[in-house]
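Chemist: Mind having a look at this structure? Questions to follow.
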Amino acid sequence: MAVVSTSLAGAVTSQLNQFSGLRKSFLKLDASSANSNQSFFLNVDSHIRLASSGKACRSVVAMAGSGKFFVGGNWKCHLVSCFLISPCILKQYTQNGTKESISKLVSDLNIATLESDVDVVVSPPFVYIDQVKNSLTDRIDVAAQNCWIGKGGAFTGEISVEQLKDIGCKWVVLGHSERRHVIGEDDQFIGKKAAYALSQGVGVIACIGELLEEREAGKTFDVCFQQLKAYAGNDYQLSILWCADAVSSWDNIVIAYEPVWAIGTGKVASPEQAQEVHAAVRDWLSKNVSADVASKTRIIYGGSVNGANSAELAKKEDIDGFLVGGASLKGPEFATIINSVTAKKVAA
Ligand code: PEP
């Protein structure tokens, strides 16, 4: 573990007082571990602990990456359930994903007190993006939940990156498990979308994650690395097809590790399970892209994150934020998750 001694503390005190989420990376992974399923956690030497001088250990920061904490809310496509006839259940369902419910959510977010050192993004359904853009505080950016793979044209039903930019979207969520496993999008298709969005200056929240059976078969890292390759465009087969589209800069990518078995199930990954994969992803970036990209790229966790479990997850050094589904539909709870960044600053 790399420890910043208290004698160096004075030099970092001002940085801590204006905590920006910026940390230095100390990645040292055993090369052999990249291809195995053994615990990366044991091989990671990426801790950095900073103690302020005024009070011993007043603030402790543990974060392997150097990027700012990032929290996204995925509002998905919640539908009215007409076959549930209990009035109160019907009301509950109709509260998600209507103009009225979105107005309420936006006004809750507008009045929420949010820590300043977090990038916050929400992704409404396409049809509500304009409404949200016109009413939501500038403090929060807007993402789309999908985009077309290239320049807009005769593609009925699709939404182009150019159109997203036109209505003020700065981000797009790509590779979400629901698009992979329900809609049937594959790695190549997703990688091409990501490359195009990035080429147009739209940031990509690049989702990866394994199915339960893949985890149980010990294939978690293999699956995640394969999905990462498609974003990086450095897969051999992909490079023939998509080389021109390969990601040229990682500045605008946030990787969202979302184990499929945890999405919408209430079965959140343990902080250790998430940390293990995040460390492996950072190591993959270091080996396959660069140490600088590995340090700067935010790796966020998604899968049943809520106001009660976010702080424990946030404490893990390679967890740089969250992608939140269900709990992002409740303004105050989403604010709690955003503010879990403070768990990285542990008061003694
Ligand atoms: C998601 O949809 O990306 C997600 C993480 O959902 P939930 O938080 O509901 O599990």
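Chemist: Please enumerate the residues belonging to region 200-213 that are part of a loop (DSSP other than H, G, I, E, B) and within 16 Å of the ligand (Cβ to nearest atom). Don't jump to the end; show me each part of the working.
Modeler: Residues of region 200-213 part of a loop (DSSP other than H, G, I, E, B): 200-202, 209-211.
The answer is Gly209, Glu210, Leu211.
Chemist: What's the number of the condition Asn252 fails, among (1) farther than 22 Å from Glu210 by Cβ; (2) at pLDDT below 95?
Modeler: Among (1) farther than 22 Å from Glu210 by Cβ; (2) at pLDDT below 95, the lone unmet condition for Asn252 is (2).
Chemist: While we're looking at this one, here's another question. Just checking, does region 211-218 include any residue being among the acidic types (Asp, Glu), in contact with a helix residue (DSSP H, G or I) (Cβ under 7 Å, 6 or more places away or on another chain) and either in contact (Cβ under 8 Å) with a residue 40 or more places away in the chain or more than 25 Å from Ser328 (Cα to Cα) (or both)?
Modeler: Yes, the conditions are met somewhere in region 211-218.
Chemist: Across region 170-199, what is the total count of residues that are of a type outside the set (A, V, I, L, M, F, W, C), away from the ligand (no atom under 13 Å from the Cβ) and either more than 22 Å from Val120 (Cα to Cα) or assigned to a helix (DSSP H, G or I) (or both)? Let's see the steps before the verdict.
Modeler: Of region 170-199, the ones of a type outside the set (A, V, I, L, M, F, W, C) are 170, 175-181, 184-188, 191-193, 196, 199.
Of the ones still in play, those that are also away from the ligand (no atom under 13 Å from the Cβ) are 170, 184-188, 191-193, 196, 199.
Still in the list and also either more than 22 Å from Val120 (Cα to Cα) or assigned to a helix (DSSP H, G or I) (or both): 184-188, 191-193, 196, 199.
Matching residues across region 170-199 total 10.
Chemist: Here's a follow-up. Restricting attention to region 171-197, which residues are under 20 Å from Val142 (Cβ atoms) and in contact with an Asp or Glu (Cβ under 9 Å, 6 or more places away or on another chain)?
Modeler: Those that are under 20 Å from Val142 (Cβ atoms) and in contact with an Asp or Glu (Cβ under 9 Å, 6 or more places away or on another chain): Trp171, Leu174, Gly175, His176, Arg179, Lys193, Ala194, Tyr196.
Chemist: Also: Any residue in region 128-145 that is in a helix (DSSP H, G or I), under 26 Å from Ala269 (Cβ atoms) and within 16 Å of the ligand (Cβ to nearest atom)?
Modeler: No: region 128-145 contains no residue that is in a helix (DSSP H, G or I), under 26 Å from Ala269 (Cβ atoms) and within 16 Å of the ligand (Cβ to nearest atom).
Chemist: Within region 119-164, which residues are touching a Gly at 6+ places or on another chain (Cβ under 7 Å) and of a type outside the set (S, T, N, Q)?
Modeler: Once the filter is applied, which keeps residues that are touching a Gly at 6+ places or on another chain (Cβ under 7 Å) and of a type outside the set (S, T, N, Q), region 119-164 yields Val121, Val122, Pro125, Lys133, Val142, Ala143, Glu162.
Chemist: While we're looking at this one, here's another question. Do the conditions hold for Thr113, that is, is it exposed (fewer than 14 other Cβ atoms within 10 Å of the Cβ), touching a residue at least 24 places away in the same chain (Cβ under 8 Å) and part of a loop (DSSP other than H, G, I, E, B)?
Modeler: In short, yes.
Chemist: Determine whether region 188-210 contains at least one residue that is in contact (Cβ under 8 Å) with a residue 24 or more places away in the chain, crowded, with 18+ Cβ neighbours inside 10 Å and at positive phi.
Modeler: Yes.
Chemist: Considering region 249-262 alone, what residues qualify as being within 15 Å of the chain's Cα centre (by Cα) and within 14 Å of the ligand (Cβ to nearest atom)?
Modeler: Val254, Ile255, Ala256, Tyr257, Glu258, Pro259, Val260, Ala262 - these are the residues of region 249-262 that are within 15 Å of the chain's Cα centre (by Cα) and within 14 Å of the ligand (Cβ to nearest atom).
Chemist: What are the pairs, 6+ residues apart or on separate chains, where a residue within region 246-260 that is touching a residue at least 60 places away in the same chain (Cβ under 8 Å) and at positive phi has its Cβ under 9 Å from a residue that is of a type in the set (D, E, K, R) and more than 13 Å from the ligand (Cβ to nearest atom)?
Modeler: none
Chemist: With the condition kept exactly as written, say whether any residue in region 267-277 is touching a residue at least 12 places away in the same chain (Cβ under 8 Å) and more than 27 Å from Gly218 (Cα to Cα).
Modeler: No - not one qualifying residue is present in region 267-277.
The values are calculated or read from the model by the stated rules, or taken from the named source; none is laboratory data. This is a predicted model, so every value here is computed, not measured. Cβ: placed from backbone, ideal geometry, glycine included. Neighbour counts: every protein chain shown.
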